[in-house]
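Before we start, here is the structure in question, set down as structure tokens.
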Amino acid sequence: MRIAVVGGGSTYTPELVDGVGRMRDVLPVDELVLVDPDEHRLELVGGFGRRILAELGHPATLTTTTSLEPALDGVDAVLLQLRVGGQAARAQDETWPLECGCVGQETTGAGGLAKALRTVPVVLDIAERVRAAAPEAWIVDFTNPVGIVTRALLAEGHQAVGLCNVAIGFQRRFAAMLGVGPDEVELDHVGLNHLTWERAARVDGVDRLPEVLADHVAELADDIELPASLMTSLGVVPSYYLRYYYAHDEVVRELLASPSRAERVAQIERELLAMYADTSLVTKPALLGERGGAYYSEAALQLTASLLGTRPGRHVVNLRNDGTLPFLPDDAVIEVPADVDHDGVRAVDLAPLEPLYAGLVAAVTGYEHLALDAAVHGGRQRVFEALLAHPLVGQVELAEGLTDRLLAHNREHLPWL
Ligand code: G6P
Ligand code: MN
Ligand code: MN
């Protein structure tokens with residue numbers, strides 16, 4: 001089995017390599033190929049990855065390359081984890097929306113649109129090359145914004161699925177609270193990427209979310225930074241990203257008064273790369289746990305194992321709606337539990353989505369449709385319309401101001417400008 005990681009020079013990659021090393025029985029990897037334009041990073045991350053595999057006694061070879069084609073030869077799965085423009089572009093996305101009183105975040109609102117515009121053309125180009133070289137290969141996307149990027153891939157007919165770590169995070173969390181194994185917990189996780197609610201946590205067919213809320217709501221509220229009373233009254237656990245909606249103005253005030261996440265991440269990355277350069281380091285450092293991607297390697301590798309047929313299973317993924325949420329178009333991309341095997345992903349049946357969540361999901365789906373249109377076809381008017389449709393923007397003057405700033409800050413990354 002051969003797996004390619006595009007954006008393999010990411011500081012996150014040792015997490016994935018560690019997962020490959022530990023999950024040998026689930027996913028028998030012979031070769032892991034890291035693809036990245038940054039040779040220096042490839043050398044550091046690749047070298048460290050080889051030491052991790054050796055330490056775990058895993059026989060896989062780890063190779064690195066700056067060009068995509070050699071990585072695609074006979075590849076079974078391609079994991080996408082790239083970041084167009086790097087943390088510098090992210091720092092912009094997190095800053096200029098604040099000038100208009102809007103949240104600055106790398107996936108939500110105007111900053112997320114900027115990231116989508118930069119990313120979609122690059123990912124589509126890679127996917128075309130994957131299709132040409134390895135038509136059978138699965139593309140697993142965790143490049144953000146995952147909902148829009150996955151929608152772009154599926155619209156072009158690629159064999160792709162989108163993934164985020166929010167669901168596996170809750171699964172682990174609830175399992176620990178209930179004193180059961182993570183695989184025993186089945187989430188009723190519903191919505192769009194970074195716009196989801198946990199409506200139930202079933203163990204042996206019994207919903208134990210009420211028990212989780214009764215015993216641990218304060219702890220969850222601390223983490224998600226939303227009121228405990230909200231979760232108790234609704235009987236659901238929203239993802240952390242709902243804070244950008246339910247507490248938008250408070251978040252803006254906080255962001256205006258603090259350094260950006262991009263700055264913190266850049267600092268963590270500098271420290272991590274220095275550690276990776278130390279040849280005595282053979283296990284992933286604790287500092288890596290300060291990135292937001294906890295458990296992402298497990299989620300990615302378990303999903304890949306199901307797609308490649310070595311271990312079919314149920315995973316929360318991003319896939320075409322196709323009637324699962326009847327109030328959305330078929331080509332919308334939703335994030336829900338799905339049964340996954342060699343034939344692909346099939347969403348499980350879900351209870352109807354309550355109006356309190358369905359309205360927001362429908363609005364953001366409209367935004368994602370327009371965002372993809374803007375990413376593929378370019379043009380100021382399309383960017384403006386996507387922003388106008390976004391429930392966190394919605395006003396003409398605001399959308400105009402955000403459009404101007406988005407275009408001004410992304411000139412070097414948008415070929416149509
Ligand atoms: C979580 C989200 C990802 C996001 C990451 C950010 O893992 O699910 O979509 O990319 O957080 O983490 P960072 O350390 O870059 O802030
Ligand atoms: Mn995510
Ligand atoms: Mn319930």
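Values quoted throughout were computed directly from the atomic coordinates according to the rules given, and no laboratory measurement underlies them. These figures come from a predicted structure and were not determined experimentally. Methodologically, a virtual Cβ is constructed for each residue, glycine included, from the backbone with ideal geometry; neighbour enumeration extends over all protein chains shown.
Given a Förster distance of 35 Å, report the FRET efficiency between residue 270 and residue 207 from their Cβ-Cβ distance, rounded to the nearest 0.05.
0.20
With a ≥ b ≥ c taken as the square roots of the eigenvalues of the C-alpha gyration tensor of the range 58-193, please select rounded if a/c is under 1.5 and otherwise prolate if a/b is larger than b/c or oblate if it is not?
oblate
So what is the relative contact order for the range 167-317, in percent, with contacts set as C-alpha pairs under 8 Å and at least six apart?
About 17 percent, as a whole number.
Would you kindly derive the ³J(HN,Hα) couplings of the range 317-322 from the backbone phi angles with the Karplus curve 6.51 cos²θ - 1.76 cosθ + 1.60 (θ = phi - 60°), listing them in order in whole Hz, with x for Gly and Pro?
Each residue of the range 317-322 in turn: 9, 9, 8, 4, 5, 6 Hz.
Here is a further query. Find the eigenvalues of the gyration tensor of the Cα atoms of the range 355-413, then list the square roots of 5 times those eigenvalues as equivalent ellipsoid semi-axes, largest first, in whole angstrom.
Over the Cα atoms of the range 355-413, the semi-axes work out to 22, 13, 8 Å.
Can you classify the range 1-130 as rounded, prolate or oblate using the Cα gyration tensor, where a ≥ b ≥ c are the square roots of its eigenvalues, rounded means a/c under 1.5, and otherwise it's prolate if a/b beats b/c and oblate if not?
Prolate shape, in that a/c is at least 1.5 and a/b is the bigger ratio.
Would you mind classifying the range 181-295 by shape? Square roots of the alpha carbon gyration tensor eigenvalues, ordered a ≥ b ≥ c; an a/c under 1.5 is rounded, otherwise it is prolate if a/b is larger than b/c and oblate if not. List each step's numbers first, then the result.
On the way: a/c = 2.81, a/b = 1.43, b/c = 1.96.
Oblate is the answer for the range 181-295, as a/c is 1.5 or above yet b/c matches or exceeds a/b.
Also, quick follow-up: Computed on alpha carbon atoms, what radius of gyration and Dmax characterise the chain, expressed in Å?
20.5, 59
Rounded to whole Å and sorted largest first, list the principal axis extents of the Cα atoms in the range 163-245.
That works out to 33, 29, 17 Å along the principal axes.
Let me ask something additional. Going by Cα centres, the range 50-96 and the range 228-245 are how many Å apart?
Between the Cα centre of the range 50-96 and that of the range 228-245, the gap is 34 Å.
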